[in-house]
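Here the structure comes first, spelled out in structure tokens, and everything after it is commentary.
The values are calculated or read from the model by the stated rules, or taken from the named source; none is laboratory data. Owing to the predicted nature of the structure, the values given are computational and were not obtained by experimental measurement. Note: ideal-geometry Cβ built from the backbone for every residue, glycine included; neighbour counts use all protein chains shown. For accessibility, only protein heavy atoms count, side chains too; no ligands or nucleic acids. Shrake-Rupley method; radii C 1.70, N 1.55, O 1.52, S 1.80 Å.
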Amino acid sequence: MIIKFLSLQYKQFFRSSYWQRTLVLNILMGFLALYMLVVFLSIGLSAYFILKEKFPNQDPLYLINSFLIFWWIGDLLMRYFGQKIPEMAFRPFLILPLKKRKIAQYILLKLSLSFYVFLPLILFTGLAGVLVYKSYDSFYISIWFLTILLLILGNNYLNLVINNNIKIRNIFLVLFAGGVLLYLSHIVPLTQWSAGFFERLHNSPWLVGVAVFWAVFWLWAAYHTIKDKLYLDALLGHTAQQVQTYDFKFTDRLGETGLYYKNALKKIWRNKRTRAYVYNLIFVSLIGLFYIKLLPGKTPDDTLRKFVMAAFFMTILVSSSYGQMIPSFDSAYYPFLMAQKVNFKKYLKAEYLIMTTMNLIVLSLSVFYMFFSWKYFVVLLAFTTFTIGIINPFLLWNGAYNTKRIDLNKKSFGNSQGISGRLLLISFLLGLLPFLLFFVLLVKVGFLAAVIVFTSIGLLGILFHDYLINKITGLYIKKKYKTLHGFKQLN
Amino acid sequence: MLQVNNLTKKYNGKTVLNMPELNIPKGQSFGLVGNNGAGKTTFFNLVLDLIRPTTGQVLNNDIVVNQSEDWKKHTSAYIDDSFLIGYLTPEEYFYFVGELRGQNKADINSFLGQFDEFFNDEILNQKKYLRDLSKGNQKKVGLVAALIGSPEVIILDEPFANLDPTTQIRLKKLLKQLSAKQDKTLLISSHDLGHITEVTNRIVVLDKGDVVKDIQTTPETLKELERFFTV
């Protein structure tokens, strides 16, 4: 039976309109995946040596063990925000003579084989190899590796549970936030606990049982979550509650653009998947703090260089996380929009405004960085200008080629569809180029030069905004039929 | 009002619609019937410029639909639930369509007043998003939204499907009222031969993409159609 499911999955994947594009792009995507694997492997292989060099007086493994707890929390957060939970259009199977057990097992199997399990596995395999080579006790390293593998799997299942159970999610949220805060204020020595646990595996290997229990417990919980959800009403959310509507009156001043802007705001706020963007903004504005407090450089200049990475996350990545879904979020009713007198330019402008609003919210939440150094805020300002001027129009342009349908109405296991490979590639290019540009300027020429160049490019983009939008509008109209066709494909 | 010249649509060499000529004068209520795959929805999608023709063109009030968008001002449609925005309440959806068609809130409110009977207290003030309404109620919203802003050309794909008997009868009444007006051009498709003969004054039968019958509706039409479809 599992084989049959897998063959269905295979067909769903390869027959989607997503593959009906140029070979070059598919090959590039393959390279990108390969590149990620190489990056993770090399991190794993080099971590030991880097730590040895930076902290010659300490045992690298001890350092790694201390911070494993943060890696573990980060891993779970990454999964929650990024990982797609495998979903099979199982509705047709529900009335076939098939045990629900089988369907649930299949979904779990697919979850266990996800890329998100594989990537950290590569990293830790490399690391474990180096550790054994450096004559750490190989029995201990095997137990250590097994523990980490089980923790990853546990997170994997836990993610499915918290995606479907708000109470459990909130418990973990409070635990993590509280833990990190207590750690930062030196009340709870989280890193010592973490190191203590993993070091103890030396003398008491049976402690691996804790990890076994963790993984098995969440596997069990995930299994039951899925089984409970295999009902039409759980799927469709028949328990529609009464809704409160808010009118966003202030958008009226923007004319027709305001109409689409208002609609986009409603779209973001009223769908679970898009609402995450709002919460994300708060989370994202704290990334810089993470870099300054947890990963400071040796000198203030050094920290500033590291902060560039944070600035990238806080501006370009914020825009692209939403922007790469334009116009897929409107895919369900795209035919309707196309049959109306929709002014495409104004529609695109509204989407542009949404991204820009996100940038400005993050920027205003980040004013407090000035207390650390005015330079941090200036870097953010430069990045924000650049994003608004260049990146946001770029994302709109990219959206013209976007034909992947996203069903906002669907309430299934968490977020499931949407991110396509092309977009991954685009975001990769998008991120790397500006980031490198700023970084090289900062290191080779100086702070002021980097800021001025970046701001000027951004301002140039804003200056030619109307020209850009007009060009992009033409492209959208040209691609309309392809987009409509792509949005019709259900998977 | 609508003119079709040499229109064909092919997918991978297979012709799904072949319409050398068709003329729908202003004020006509035009019915389209045919079995599954006959090309009804394809035709409507071509008229609405949602897909591109392989050859030929559709003219809406002398405007070629895939060359200019000016026809959208006087044309409205409800094809399927891809015309609804799931995360809006029915009211918000009506206002949204209204604004696109140059109607303000007050206009829409008074416009909606005449549909109280049709809505049967299940649409307005329900504090529900469209995605949480039943299929039939979603359809009511879509159909009424297609009438906003007094469009001259109204295209409805299978308007009777999914509706309860009472609403079907009310819809028939509504469509008859519309077709009685001289300036409204109606395009309706349906699988229900009885309903469609009642509300239209011309019926075209499509079969595998070809026009096989084009008749003015008379009391005998229903019999004729039933004979045609009895195989």
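Among the residues of the range A:339-383, those with an accessible-area drop of 40 Å² or more from chain alone to full protein complex, heavy atoms and 1.4 Å probe, are A:Ala339, A:Gln340, A:Lys341.
What shape does the protein assembly as shown have by the C-alpha gyration tensor, where a ≥ b ≥ c are the square roots of the eigenvalues, rounded means a/c under 1.5, and otherwise prolate means a/b greater than b/c and oblate the rest? Prolate is the answer for the protein assembly as shown, as a/c is 1.5 or above and a/b outweighs b/c. Here the Karplus relation 6.51 cos²θ - 1.76 cosθ + 1.60, evaluated at θ = phi - 60°, turns the backbone of the range A:214-225 into coupling constants of 4, 5, 5, 4, 6, 4, 4, 5, 5, 4, 6, 4 Hz, with x for every Gly and Pro. Phi angles of the range B:102-113 translate, via the Karplus equation with coefficients 6.51, -1.76, 1.60 and θ = phi - 60°, into HN-Hα couplings of x, 10, 8, 4, 4, 4, 5, 4, 6, 4, 5, x Hz per residue; Gly and Pro are given as x. Counting only Cα atoms, the size of the range A:173-319 along its three principal axes is 69, 54, 24 Å, in decreasing order. Between the range A:338-410 and the range A:119-164, how far is it from one alpha carbon centroid to the other, in angstrom? The range A:338-410 and the range A:119-164 have Cα centres separated by 37 Å. Using the Cβ-Cβ distance between A:Ala449 and A:Ile27 with R0 set to 41 Å, the FRET efficiency from 1/(1 + (r/R0)^6) comes to roughly 0.65. Averaged over peptide B:86-94, the number of partner chain Cβ atoms lying within 10 Å of each residue's Cβ comes to 5.
Phi angles of the range A:383-398 translate, via the Karplus equation with coefficients 6.51, -1.76, 1.60 and θ = phi - 60°, into HN-Hα couplings of 5, 5, 4, 4, 4, 5, x, 10, 5, 4, x, 4, 5, 4, 4, 4 Hz per residue; Gly and Pro are given as x.
Averaging 1/r over every pair of different alpha carbons in the range A:249-487 and inverting the result gives a Kirkwood radius of 18.7 Å.
Shape analysis of chain B places it in the prolate category; the axes a ≥ b ≥ c from the Cα gyration tensor give an a/c of at least 1.5, with a/b above b/c. Report note on the peptides A:254-261, A:137-144: ranked by the mean count of other C-beta atoms within 10 Å, highest first, their order is A:254-261, A:137-144. The mean number of Cβ atoms from other chains found within 10 Å of a Cβ in peptide B:125-131 is 5, as a whole number.
Rounded, prolate or oblate for the range B:40-159? Axes are the square roots of the Cα gyration tensor eigenvalues, ordered a ≥ b ≥ c, and the cut-off for rounded is a/c under 1.5. Mind showing how you got there, number by number?
Values: a/c = 2.41, a/b = 1.71, b/c = 1.41.
Note, shape of the range B:40-159 comes out prolate.
Shielding by partners for peptide A:327-338, expressed as the average number of C-beta atoms from other protein chains within 10 Å of each residue's C-beta, is 5. Counting Cα-Cα pairs of the range B:69-110 in 5 Å increments starting at 0 gives whole-percent bin shares of 5, 21, 26, 26, 18, 5. Taking a point 7 Å from the Cα of A:Phe372 along the Cα-to-Cβ direction, the residues of the range A:266-289 with backbone N closer than 12 Å to it are A:285-289. Amide H contacts of B:Asp210: B:Asn18, each under 5 Å away and 5 or more positions distant or on a separate chain (H built 1.01 Å from N in the peptide plane; Pro and chain starts excluded).
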